[in-house]
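This report concerns only the one structure given below.
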Amino acid sequence: MRLLAFDGRMGASGDMLLGALVAAGADPAVLSPVEDALDVSYHIHDVDKNGIVATKVDVVLAETDGGDPRGEGHGGDFGEERDDTEAADAETDDAETEASESDGEADEYHGSRVRGHFHAHSHDDGEHHHGHGDDHHHDHGDGHHHHHDHGHQHGHDHSHEHTHAEGHGPHRTYPEVVELVESMDLPDSVVEDATAIFRVLGEAEAEVHGTDLDETHFHEVGADDAIADVVGACLLLSDLDVDRVVTAPVSVGGGEASMSHGTYPIPAPAVLNVVERADWSIRGGPVGAELLTPTGAAILAHLADGVETLPSMNVSKSGYGAGGWDFPDHPNVLRALVGDGGLRLVRDEITVLETNLDDATPEILGSLQSTLKDAGARDVTILPTTMKKARPGHLVKVVVRPEDVERVAYRLAIETGTLGIREHGAGHRWTAHREFETAELNIDGDSYEVTVKVASDADGTVYDRSAEFDDALAVAKETGLAVREVMRRAVDAVAADE
C-alpha cells in the first residue's frame, strides 16, 4: 500500500501542505487549472529553515507590479507577507499572536499587526521574516514552475516584487465556493475532495457564529488564495496517487489571537470546530504562536487518518513544506513521507482498562457506551461474570489511547461508583482500513441511502462490508421491509459498485 504520512509537530497550514506535497514528489504542473480559473499564480521556491531546505509555495496575483502578467523572472522582496491562509479564524479581521521568551523565542522576536495578520520579525541578521503561512506563488507563464534555491536572502538583487493574493477576490458563501470549484477543469475526485474540505470549513464557521451553512460567508478562506490552497492540495495529492494518508498528532501552538469578536486562546474557535470532525489528535506548543490554521486543519480532517506515531513504512520520498515564521529552536516545517506502508493492518497503540461491577443497574451499564466514548474511549465491552460470594456481576473492558487513560478512568469511576480500575499497560491492536460508502436503494420507486462500512487490508482487498444499523432501521420503518433485508441490499449495492 502506498502511504503518505505527515509529521505535524510544527502544525499545518494550507501553504505548508502545498510545499510538503511538492517536496514529497507531486508535480506542480497539475496546479494549472487553478491558475487558469483564478487571477493567481503559484510561486514555488526553496528556503532554509534552521538548516533544513524546505519548499515554500506562495500564492501571488498573476499580474505583478512589474507589469509581467505571469510573474516572469526571479521575484524576491515580497514586502508584506501573510502569515497563513486565513489567520486565526475563518472570519479573522485582526490576528495577533504573542510569542513568549519561555517558549524559546529570542528577545528580538515579536509580533505586529499587518493587514489583520501576525508577522514575526527577527532582526538579529538583518533579515525580515514573516508569518507561518505566507503564501507566495510564481510561475513563468509557459506552464513551467521553477524552484529558486537562493531563499530570498536580504540583500539579494531581485528583478521585481510579487503581489500577494491574500484576501484577493470576493468573499464567497459556501454554495458560491462549490460553484467555482465545480467550474474548474478538475478530475471528479479532486472536486469531491475540495468541496468536502470547504464544507468542513463552512460547518465550522457556521457553528462558531450560529448561522446556516449556505448563508455563512467565508472571509479569508473564501478568497482566491485560500481556494488555491485547498484545490491545489487536492490536485497535488491526486498526483501522488497514494492509497492512504495519515498524520501524527498536530501541534496547535499557544498564546492568544485578537479577532474581530475579541481575544481568544489558541487554537481559535474555528480550528477547534474543525478538529472535532477529525480522526487525528492535537497537542499544545511547542512555541507561543498559532501553528494550526482552519484551512490546514480542514484539509487534514478530510484527507488524513490519525496515528499516534509515524507508521512502519519503507520510505521512497520525503520532503518539507515551509511555514513563514522563523523560530530559534524549531524548524517551522511540515514533514511528509511517501512509501510502502508494508503492514496489511493498521497498528494502533492502546491501553486496556477494566473493572468488575456487582451493583450497577442496567441503565448505568447501558449508558457506558456513550459516556465513556465521549470521554475518549475507543471501544467498550461489558461481559456478564460471577464475582465473590457467587454474586452475578459484570466485567467492563475499555480500549483507550494512552494519552486518554486518566480521563476515561475517572469517567468510568464516577459513572459506576467502582472503587478500583485495572490498567493493562500500553499495547497494540490491529485494525482494518475502514471506509464508508453510501448505498442508494430504490424501493417502490423511492430512493433511500444507507451507509456501509467497508473493511480492507493495506493492499485494498475488501474482506468485510457492514451496513450501518441505524440507517437500515430508518429505511425499514419507512418501507416495511425487514431490517436485515435492507442491510443485505445495501451491502450488495456497494459490492456491485466496487
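Each value in this text was obtained by applying a stated rule to the coordinates, not by laboratory testing. The model shown is predicted, which means the values in this text are computed figures rather than measured ones. When we count neighbours, we look across all protein chains shown, and the Cβ atoms used for this are built from the backbone with ideal geometry, even at glycine.
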Practice task
Please give the length that would be gained between Ser32 and Ser189 if that part of the chain were fully extended, namely 0.36 nm times their separation in residues minus their C-alpha to C-alpha distance (nm, one decimal).
Solution key: 54.9 nm
Handout entry: Modelled label reach - Glu478, point 7 Å along Cα→Cβ, segment 426-450 residues with backbone N closer than 12 Å
Key = 440-450
Fill in the blank from the handout: Listed by chain and number, the residues whose amide H is under 5 Å from that of Ala12, excluding neighbours fewer than 5 places away on the same chain and using placed H, are Leu292, Thr293
Practice task
Do me a favour and compute the ellipsoid semi-axes for segment 352-486 from its Cα gyration tensor, root of five times each eigenvalue, largest one first, whole Å.
Solution key: 36, 21, 13
Practice task
Compute the whole-percent fraction of alpha carbon pairs in segment 262-326 spaced more than 13 Å apart.
Solution key: 71 percent
Fill in the blank from the handout: Highest mean packing first, using Cβ neighbours within 10 angstrom, the peptides 52-61, 332-341, 409-418 sort as 52-61, 332-341, 409-418
Problem - Interatomic Cα distance distribution for segment 445-496, bins of 10 angstrom, percent - result: 27, 49, 18, 6
Fill in the blank from the handout: Square roots of five times the C-alpha gyration tensor eigenvalues of segment 295-403, ordered largest first and given in whole Å, equal 43, 17, 12
Exercise for the section: From the C-alpha gyration tensor of segment 204-296, pull out the three semi-axes of the equivalent ellipsoid (sqrt of 5λ each), sorted largest to smallest, in whole Å. Expected result: 23, 20, 13
Fill in the blank from the handout: Rounded to the nearest 0.05, FRET efficiency between Met387 and Ile443 (Cβ-Cβ, R0 60 Å) equals 0.80
Exercise for the section: Just grab the label-to-label distance for Lys317 and Arg283, each label 7 Å out from Cα along the Cβ direction, in nm (one decimal). Expected result: 2.8 nm
